[in-house]
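Working notes for the structure below.
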Amino acid sequence: MLINRMDPEDFLLFKRKALQWASNFDVCCCLDSNGYDDRFGHYEFMLAAGAARSVEAQAGNAFDTLKHFYSKDKPWMFGLFGYDLKNETERLRSENIDGLEFPDLFFFVPEYLIIACGTKIEVVIGETHILKEIDRQETFQTPDVAIQFQQRISKQAYLEIVSKLKNHISRGDIYEINFCQEFFANQAYLDPAGVYQQLKAISPTPFSGFLKMNDKYILCASPERFICKHGERLISQPIKGTAPRGSNADADQLIRERLKTDMKEQTENVMIVDLVRNDLTKSAKKGTVKVEELFGIYAFPQVYQMISTVTCERDAEVDLIDVIKNAFPMGSMTGAPKVSALKLSEEYERSKRGAYSGALGYFTPSGNFDFNVVIRSILYNETKHYVSFQVGSAITHTAVAENEYEECLLKASAIMAVLNNKKTAVNSGLESIG
C-alpha cells in the first residue's frame with residue numbers, strides 16, 4: 001500500500017508515532033536520513049518491526065552463519081555487524097572490559113516493514129491496518145534524565161597514551177590510529193525510543209538509526225556511511241577531519257574554509273581513503289576503484305566533517321556478505337596499516353568496542369545493502385541498566401594530545417546534552433575513574 005505525500009510536519013509526527021509503535025516489539029530497527037540529500041541513498045525512512053526469524057552469532061564463523069541465513073530466500077534483513085568481528089577477519093582478540101554484552105552479529109527478517117521515499121509511505125511487509133495502529137499511538141514527553149557519567153580513561157591517562165601511540169608512529173609501527181575512549185554509567189534508567197527522538201532532534205544526521213535487540217539498544221546519530229551497494233556499484237564514504245560549528249555565520253564560514261585547507265586533517269583523510277581503496281579492491285572488478293570526491297566538507301549541527309567518497313564495481317564472484325567482510329571494520333575507525341592499528345587499539349583502549357565502530361543497516365531481496373558506521377551513539381543494556389558511549393579521534397605524528405582530547409569531547413557533546421538535559425554539555429556530567 002502506498003500513501004500519498006505528507007506535508008513535512010505530518011511526516012515528522014508519523015515517524016515519531018511509528019517508532020513508538022515499533023518499540024513495543026522485542027526486536028525492531030528504524031533507519032532515518034532526516035531529510036539529508038544523499039545521492040547514493042534510496043530511502044528517507046525505514047521501519048522494521050517484529051522478527052519473523054533472526055540470527056545471532058559471535059566472532060568465529062559469524063559471516064558464514066549470516067550467508068546461510070540470507071541465502072535461504074534472500075529476504076529483507078536488518079541488523080548489526082559488531083566491531084569485534086575483526087577477530088574473525090584477522091588473528092585478533094578482544095579482552096577489554098565489556099559492560100554491554102552485545103552480540104557480535106545480529107540480523108532479523110521483519111514481520112512488518114514500512115518504507116518512505118521522500119514522504120511517500122509504503123507498507124512493504126505486513127497488513128496495511130498497521131498504519132491505523134500507528135496513527136492511534138500517543139506521543140509522550142520523555143522525562144528529563146541527568147546521568148553522571150564516568151570516564152574509563154582519565155584525561156591524564158589519555159594524554160599519556162597518545163604520547164605512547166605517537167612513539168609507535170615514530171617507530172613506523174603505524175601511520176595513524178583511531179584511539180577511542182568510553183563514557184559509561186551504571187544504574188541508568190532510560191526510555192530508549194524517547195531518548196533516541198531527543199538525540200535526533202539535537203543531532204539530525206543522514207545515517208541515524210535505532211535498533212532494539214530484546215533488552216539491548218543502539219541509539220545512533222551517525223553522520224558516516226560505511227558501505228552501500230546499488231546494482232553492482234559499491235560506495236564507501238570515510239570521515240576524517242572535524243571542526244566545531246561557529247557561533248555566527250562569519251565565524252562558521254571561516255571555520256569551514258580552515259578545515260577545507262587544513263593539512264593535518266587532509267593527511268588523516270587521505271591515509272584512510274587509501275586504506276578504503278585497498279579494502280574495496282578485494283571485492284572490485286579490476287581497475288574500477290576510484291575516488292569520486294576527496295576532502296568534501298559537510299555541515300552537521302555540532303560540527304563540520306571532511307568526507308571522501310570511494311567507489312567501485314563489484315566483482316560478481318564475490319558474495320554480498322564477503323563484500324562487507326572484506327572491508328570490515330571501517331578504516332576511519334581503525335587506522336593504517338589496518339591490522340597493526342587494530343592490535344594497538346586493543347592494547348591501549350580500556351573498553352571493548354562491541355557495537356561501537358561496527359555497522360548498522362539492511363539488505364534487500366534484490367541484493368542491495370546500505371550500512372552506516374556506529375558512531376555518535378548511545379548503547380544501552382536495559383537488564384543491567386548500563387549505558388555507554390564511546391568517542392575517538394585520529395592520532396598521527398602531528399597530533400596534539402590536548403586538541404585530540406577536546407575533539408573527543410566535541411563529538412560527545414550531542415549525547416551529553418541529551419543525557420544531562422542541557423543545551424550544551426561538552427564539559428558537563430563527567431567523572432573520572434583514573
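A few points about this structure:
- GLU317 closer than 28 Å to GLU90 by Cα, surrounded by fewer than 24 Cβ atoms within 10 Å (Cβ to Cβ) and in contact with a Lys or Arg (Cβ under 7 Å, 6 or more places away or on another chain): no
- Checked against the criterion of being surrounded by fewer than 18 Cβ atoms within 10 Å (Cβ to Cβ), touching a residue at least 24 places away in the same chain (Cβ under 8 Å) and under 22 Å from ILE218 (Cβ atoms), the candidates ASP98, ASP135 yield just one match: ASP98.
- Residue within the range 74-94 that is small (Gly, Ala, Ser), under 16 Å from CYS29 (Cα atoms), in a loop (DSSP other than H, G, I, E, B) and at pLDDT 90 or above present: yes
- Meeting the requirement of 1 or more residues that are of a type in the set (S, T, N, Q) and within 30 Å of VAL276 (Cα to Cα), the helices (runs of 4 or more DSSP H) wholly within the range 121-239 are 155-171.
- When MET263 is tested against the conditions (1) modelled with pLDDT of 95 or more; (2) surrounded by fewer than 15 Cβ atoms within 10 Å (Cβ to Cβ); (3) over 30 Å from GLU317 (Cα atoms), the lone failure is (1).
- Scope the range 295-343; condition closer than 30 Å to ILE202 by Cα and assigned to a helix (DSSP H, G or I); matching residues: GLY331, SER332, MET333
- Taking the listed residues GLY354, GLY367, GLY429, GLY434, the one that is modelled with pLDDT under 95 and out of contact with any Ser or Thr (no Cβ under 8 Å at 6 or more places or on another chain) is GLY429, with no other qualifying.
- Single residue of VAL391, VAL374, VAL387 found to be assigned to a loop (DSSP other than H, G, I, E, B) and either touching a residue at least 24 places away in the same chain (Cβ under 8 Å) or in contact with a Lys or Arg (Cβ under 9 Å, 6 or more places away or on another chain) (or both): VAL374
- Cβ pairs under 7 Å, 6+ apart, first in the range 255-284 and closer than 19 Å to ARG245 by Cα, second of a type in the set (Gly, Ala, Ser) and in a loop (DSSP other than H, G, I, E, B): ILE255/GLY246
Residue by residue, here is whether (1) surrounded by 24 or more Cβ atoms within 10 Å (Cβ to Cβ); (2) charged (D, E, K, R); (3) modelled with pLDDT of 95 or more holds:
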{"position": "GLY194", "(1), (2), (3)": "no, no, no"}
{"position": "SER208", "(1), (2), (3)": "yes, no, yes"}
{"position": "MET213", "(1), (2), (3)": "no, no, yes"}
{"position": "ILE255", "(1), (2), (3)": "no, no, yes"}
{"position": "ASN278", "(1), (2), (3)": "no, no, yes"}
{"position": "THR281", "(1), (2), (3)": "no, no, yes"}
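- First in the range 212-233 and touching a residue at least 12 places away in the same chain (Cβ under 8 Å), second anywhere and among the polar types (S, T, N, Q) and part of a loop (DSSP other than H, G, I, E, B), Cβ under 7 Å, 6 or more apart: LYS212/SER23; ASP215/THR383; ALA221/SER203; ALA221/THR205; SER222/THR205; PRO223/THR205; LYS229/ASN368; HIS230/ASN368
- Hey, GLU176 acidic (Asp, Glu), buried (at least 20 other Cβ atoms within 10 Å of the Cβ) and within 30 Å of ALA57 (Cβ to Cβ) or not: no
- Scanning the range 329-355 for residues that are of a type outside the set (A, V, I, L, M) and surrounded by fewer than 24 Cβ atoms within 10 Å (Cβ to Cβ) returns PRO337, LYS338, SER340, LYS343, GLU346, GLU347, TYR348, GLU349, ARG350, SER351, LYS352.
The values are calculated or read from the model by the stated rules, or taken from the named source; none is laboratory data. On a predicted model such as this, the values are computed, not experimentally measured, just so you know. As a convention, Cβ positions derive from the backbone with ideal geometry for all residues, glycine included, and neighbour counts pool all protein chains shown.
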